[in-house]
Amino acid sequence: MEQVFHKITIDTTGQGLYDFTNKTISWLKKQSINNGMLNINILHTSASLVVQENADPDVLYDLKNFFDKLAPMNNKLYKHTTEGKDDMPAHIKSALTNNQLTLSLKDKKLMLGTWQGLYLFEHRLEKHKRTLAHHLIGE
Amino acid sequence: MEQVFHKITIDTTGQGLYDFTNKTISWLKKQSINNGMLNINILHTSASLVVQENADPDVLYDLKNFFDKLAPMNNKLYKHTTEGKDDMPAHIKSALTNNQLTLSLKDKKLMLGTWQGLYLFEHRLEKHKRTLAHHLIGE
Amino acid sequence: MEQVFHKITIDTTGQGLYDFTNKTISWLKKQSINNGMLNINILHTSASLVVQENADPDVLYDLKNFFDKLAPMNNKLYKHTTEGKDDMPAHIKSALTNNQLTLSLKDKKLMLGTWQGLYLFEHRLEKHKRTLAHHLIGE
């Protein structure tokens, strides 16, 4: 059994979905593990992770838009407002999606459906540096 | 350490929750691994996975109904409409639930609460063949 | 490869988020595994798990409040009403958040961001005893 850890940093420039599939796959290719479980954790609570369609960019736009309407930036709704109007909605969107994804590696290939991509879902308006911890266990 | 991979196919006939607990347990029983982690990934982005109550079927009805109201089939809300009025709501419902579940196997028994079952949550109206990748790691 | 299993019980006294980070970390410290994957499953479908901000308690209040508005206790909306007005909303909130979290242990340290804590999200009004199954695999 082997284990490897790695951190990926993604620079975000406002709300939206950022595809990091290739960054993860590039790293996996350099490892000596052929089969194993990959755990990806985002070390923040105002951005999150989703597996989504990688074909039509309109899907990503609609997702961003839907979550914005579901958890609006309206200070009257929240007690936690000191970190900006987008902070509490960001925590809510994080709770509604995922902080972590566990994926499977088989024969050195990440098991994803044809139309699936890995996305960082940024919920804050300003620029951020987001860290995604990768942990692969297998052999 | 051992690893086994397996794919389960589920035929869906419209929106709703499909219990696949027994399919997963039947497969686990045939494996030589007694203790381990089981990762289940759905290889699609318009259907998802949830652990839910297995007692009252009304819970499943209400869940389907709630998500339908939360992400309505109303083309005016979405830019992504070319794949049908149910496609963008399906992606949203997928983001709101799970693409993947990680469960634990102890003494050859899948650790689930008394009232917990494993469900595929189909979000499309038409018939679909859904693939659930199973990956068990342990010994 | 080693595996250890453990159950943590949390007494809840109504809706809200209960921090169990220290309970998990205390247990991890006693184990001989230095690096591994930790899978935490809640064995119930009317309470759930989230990773959330551990700094401002207002975030926890706003989260509870948001989910209460999103899935209101209004019997007219649901068929499943026999277990109380808070039961069906609890199942919905459970589906919208997580039944399970997979985290990584590196050099005996649970990988969490500076502002991240582990929370049990109780969705029922009455007192409950909630069981969180912990499963650590590694070496």
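Since every read-out is calculated from the coordinates, none of them should be taken as a lab result. Not measured: the values here are computed from a predicted model. Neighbour counts run over all protein chains shown; Cβ positions are idealised from the backbone, glycine included.
In sequence order, what are the phi-derived ³J(HN,Hα) couplings for segment B:45-50 according to the Karplus relation 6.51 cos²θ - 1.76 cosθ + 1.60 with θ = phi - 60°, rounded to whole Hz, with x for glycine and proline?
After applying 6.51 cos²θ - 1.76 cosθ + 1.60, I find 10, 10, 8, 8, 10, 9 Hz.
For the modelled label position 7 Å from the Cα of B:Ala55 along Cα-to-Cβ, which residues of segment C:66-101 have backbone nitrogen atoms closer than 12 Å?
C:81-84, C:87-88
Could you derive backbone 3J(HN,Hα) for segment C:120-128 from the dihedral phi with the Karplus parameters 6.51, -1.76 and 1.60 (θ = phi - 60°), listing whole Hz in sequence and x where the residue is Gly or Pro?
8, 9, 7, 10, 9, 7, 7, 5, 9
Loop only by DSSP, 16 or fewer other Cβ within 10 Å of the Cβ. Give me the chymotrypsin sites (Phe, Trp or Tyr not before Pro) in segment A:70-132 that pass, ordered by residue number.
A:Trp115
Rank the residues A:Met111, A:Met73 as a footprinting-exposure proxy: fewest other Cβ atoms within 10 Å of their Cβ go first. Provide the component values of the computation, followed by the final result.
Values: A:Met111 18, A:Met73 15.
By the 10 Å Cβ count, ascending, the order reads A:Met73, A:Met111.
Pull out a ≥ b ≥ c, the square roots of the eigenvalues of the alpha-carbon gyration tensor of segment B:1-84, then state rounded if a/c is under 1.5, prolate if not and a/b is larger than b/c, and oblate in the remaining case. Before the final figure, lay out each step's value.
On the way: a/c = 3.04, a/b = 1.86, b/c = 1.64.
Because a/c hits 1.5 or more and a/b exceeds b/c, segment B:1-84 counts as prolate.
Connecting C-alpha atoms closer than 10 Å in a GNM of chain A, tell me which of A:Gln100, A:Gln31, A:Gln15 has the biggest fluctuation.
So, out of A:Gln100, A:Gln31, A:Gln15, the one fluctuating most is A:Gln31.
Please compute, for the alpha-carbon atoms of segment B:83-136, the extent along each of the three principal axes and give them in descending order in Å.
Reported extents, whole Å, longest axis first: 46, 20, 16.
If you project the alpha carbons of segment A:28-139 onto their three principal axes, what span does each projection cover, largest first, in Å?
52, 28, 21
Could you give the semi-axes, largest first, of the ellipsoid that matches the protein assembly as shown, computed as the square roots of 5 times the alpha carbon gyration tensor eigenvalues and rounded to whole Å?
Values for the protein assembly as shown, descending: 28, 24, 24 Å.
What's the longest uninterrupted piece of chain A once you rule out the trypsin sites (Lys or Arg not before Pro) that are loop residues per DSSP with at most 16 other Cβ within 10 Å?
A:31-78
Which value in deg cm²/dmol, rounded to the nearest 500, describes the helix-derived mean residue ellipticity at 222 nm for chain C, given -39,500 (n - 2.57) per DSSP H run of n ≥ 4 and division by the residue count?
Numbers: 3 runs with 33 residues, N = 139.
Rounded to the nearest 500, the figure is -7000 deg cm²/dmol.
Does segment B:1-43 classify as rounded, prolate or oblate by the C-alpha gyration tensor (a ≥ b ≥ c root eigenvalues; a/c under 1.5 gives rounded; else a/b over b/c gives prolate, otherwise oblate)?
In terms of gyration-tensor shape, prolate.
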